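**Student:** So that we are looking at the same thing, I have put the structure below in structure tokens.
No lab work stands behind these numbers, since they all come straight from the coordinates. A quick note: this is a predicted structure, and the numbers were derived from the prediction, not measured. Positions of Cβ are backbone-derived with ideal geometry, glycine not excepted, and every protein chain shown enters the neighbour counts.
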Amino acid sequence: MNADGSGQRKVSSMSMDHGSPKFSPDGTMIAFEANPGPWRIYVMNADGSGTRKVSNGPGSDEHPSWSPDGRMLVYSSGGGGSSSLYLIPALGGTAVRLTDGRATDMQPDWGRMHQAP
């Protein structure tokens, strides 16, 4: 898509619901959530090719966010009124649980880190 909004084109041919797209820091990939039942995290090349599922959590996996170097994704996973944050390699692998699920941890954002002076 061009800066003025023209030139839009569809990049996903998936027939299921999907959303929360996030471009990787270098702009070459897109992470998103899709609902094959339950929701999972997927990545694909920015041109729409190379789609792959990267998460398979215990509940619905949603709201991916890229690490600043583009190698990892953080996302929320849960059900039954609580959720936890997980960290996983962007191209798939073993997810690591970051929070204990005693609260509703959702919509993580790998924002800019601030250093003390």
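**Student:** Could you please give the count of residues in region 65-88 that are closer than 16 Å to ASP26 by Cα and not in a loop (DSSP other than H, G, I, E, B)?
**Tutor:** Selection size over region 65-88: 4.
**Student:** Can you pull out every residue in region 65-95 that is out of contact with any Asp or Glu (no Cβ under 6 Å at 6 or more places or on another chain) and of a type in the set (Phe, Trp, Tyr)?
**Tutor:** TRP66, TYR86
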